Amino acid sequence: MSSTRSPVAAPRSPTAPPRSFLWSRRIFLTLLAGFVLVPVYVMISSSLKPLADVTGKFRWLPSGLTVRPYIDIWSTVPLARYFVNSLIVAGAATMLSVVIAVFAAYAVSRYDFRGKRVFTVTVLSTQMFPGILFLLPLFLIYVNIGNATGIALFGSRGGLILTYLTFSLPFSIWMLIGYFDSVPRDLDEAALVDGCGPLRALLRIVVPAAIPGIVAVAVYAFMTAWGEVLFASVMTNDTTRTLAVGLQGYSTLNDVYWNQIMAASLVVSVPVVAGFLLLQRYLVAGLTAGAVK
C-alpha cells in the first residue's frame with residue numbers, strides 16, 4: 001500500500017524578514033502603484049473621449065474612443081510653436097549648465113584656491129531660497145538692461161535661458177563636485193605625465209569617466225527647464241511662450257477642452273519620459289556616485 005507524503009516546506013532562513021512584514025510590503029506597494037497609475041489611466045482614457053463624455057459623468061470604461069483630440073491639439077493652440085520654444089530653451093539651458101558645471105566642479109575638485117570653501121557653501125546655499133523670491137528682481141534687472149542697452153532679455157528666449165541657468169547651475173556644480181571627487185586623481189596625473197595639459201586631461205580622461213554624473217546633471221537641468229511655469233508665465237510673451245504655459249490656452253472663457261488638455265499633457269511628457277527611460281542607467285549611477293564619496 002503506497003502512501004503519499006505532503007511536500008515539506010523549505011526551512012526559513014533565520015535572517016529572513018517575518019511574513020507579516022512581507023505581506024505588509026506587498027500591500028503597501030500595491031496601493032502605491034494604484035495611487036500612481038490611476039491618474040495616468042484617467043489621463044489616457046480622457047484624452048481618447050469626445051468632449052461631451054469627458055464633461056459628463058465619469059466612466060472607468062469609455063463608451064467610445066477617438067483620436068480626434070490628438071489632432072485638434074495642434075490647431076486649438078499653436079502647440080508646435082510652444083514645443084519648439086521649450087526645446088530651444090530647455091536644450092540651451094541644459095547645454096550651458098553642463099558645460100559651465102563641468103569646468104567649475106573640476107576646478108573645485110582638483111585645485112586649492114583662496115575662497116574655495118566659501119564658493120562651495122555659497123553655491124549650495126542658493127538652493128535654500130524659493131524661486132519666487134527672485135522673480136521680481138530678475139524682472140527689474142531684465143527690464144533695466146533692455147532700456148539701457150537695447151538687449152531684449154524680457155520676453156525673449158535668451159532671458160528665459162539665463163533664468164533657468166541660475167536655478168540648475170548651482171545644484172549641477174555641487175553634484176559634479178562630489179562625482180569628480182570619486183574619480184581617481186591618478187587618471188589626471190597619468191595624463192599630465194603623458195604630456196596632456198589640464199584642459200586636455202579634463203576633456204579626454206576625466207569627462208569620459210564622469211559620463212554618468214554628467215548625464216544626471218543634464219537630465220536634472222532639462223527637467224527643471226521643461227516643466228517650469230512661474231518664470232515662463234512672466235518672462236515670455238505670445239511668441240516665446242513655452243509648453244508649460246501654453247497648455248493654459250485650452251481653457252477659454254466659453255469652454256474647457258479637457259480631452260485636449262489631457263492629450264497635450266501626454267504629448268508634452270513624451271520627451272521627458274523617453275529621455276529618462278533611455279538614460280536611467282546613467283542617471284542612477286550618477287546620483288549614487290555623486291552622493292557617496
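As a check on your grasp of the helix formula, calculate [θ] at 222 nm for the chain: sum -39500 (n - 2.57) over DSSP H runs of n ≥ 4, divide by the residue count, round to the nearest 500.
For the chain, the value works out to -22000 deg cm²/dmol.
Subtracting the Cα-Cα distance from 0.36 nm times the residue separation, let me have the gained length for Arg19 to Ser182 in nm, one decimal.
54.7 nm
Given a 1.4 angstrom probe, what's the average accessible area per residue across region 150-206, in square angstrom?
Computed with neighbouring chains in place, this is 48 Å² per residue.
For Ser75 and Ser125 in one chain, what is 0.36 nm times their gap in residues minus the Cα-Cα distance, to one decimal in nm?
Taking 0.36 nm per residue and subtracting the Cα distance, the gain is 13.6 nm.
Restricting things to Cα coordinates, could you compute the convex hull volume per residue of the chain in Å³?
281
Just check region 30-151 against the gyration tensor rule for me: Cα atoms, a ≥ b ≥ c as the square roots of the eigenvalues, rounded for a/c under 1.5, and otherwise prolate or oblate depending on whether a/b exceeds b/c.
prolate
Could you work out the equivalent-ellipsoid semi-axes for region 39-107, taking the square root of 5 times each eigenvalue of the Cα gyration tensor, largest first, in whole Å?
Semi-axes, largest first: 41, 16, 7 Å.
From the alpha carbon gyration tensor of region 116-241, can you work out the equivalent ellipsoid semi-axes (sqrt of 5 times each eigenvalue) and give them in Å, largest to smallest?
For region 116-241, the semi-axes come out at 35, 16, 15 Å.
What FRET efficiency, computed as 1/(1 + (r/R0)^6) with R0 = 35 Å and r the Cβ-Cβ distance, is obtained for Ala152 and Val273, rounded to the nearest 0.05?
0.55
Considering only protein heavy atoms, what per residue accessible area in square angstrom results for region 30-129 with a 1.4 angstrom probe?
62
At q = 0.15, 0.29 Å⁻¹, what is the log10 ratio I(q)/I(0) for region 116-182, with the Debye formula run over Cα points and no solvent?
One equal scatterer on each Cα of region 116-182 leads to -0.60, -1.21.
If you roll a 1.4 Å probe over the chain with all protein chains in place, what percent of the accessible area is carbon or sulfur?
That share works out to 69 percent.
List the residues of region 76-112 whose backbone N lies under 16 Å from a point placed 7 Å from the Cα of Asp238 along the Cα-to-Cβ direction.
Counting backbone N atoms under 16 Å from the label point, the list is 76-82.
Taking the C-alpha atoms of region 210-269, how large are the radius of gyration and the largest Cα-Cα span, Dmax, in Å?
14.8, 53
How large is ³J(HN,Hα), in whole Hz, for each residue of region 125-132 in order, when computed from phi with the Karplus curve 6.51 cos²θ - 1.76 cosθ + 1.60 and θ = phi - 60°, using x for Gly and Pro?
Karplus-based 3J(HN,Hα) across region 125-132 equals 5, 5, 6, 7, 8, x, x, 5 Hz.
Based on the mean of other Cβ atoms within 10 Å per residue, sort peptides 217-226, 79-88 so the most packed one is first.
Packing order, densest peptide first, comes out as 217-226, 79-88.
Where does each of 165-178, 40-53 land if you order them by average Cβ count within 10 Å, highest first?
Top of the packing list down: 165-178, 40-53.
The values are calculated or read from the model by the stated rules, or taken from the named source; none is laboratory data. Predicted model only: the values in this text are computed from it and were never measured. Neighbour counts run over all protein chains shown; Cβ positions are idealised from the backbone, glycine included. Accessible surface areas use protein heavy atoms only, side chains included; no ligands, DNA or RNA. Shrake-Rupley method; radii C 1.70, N 1.55, O 1.52, S 1.80 Å.
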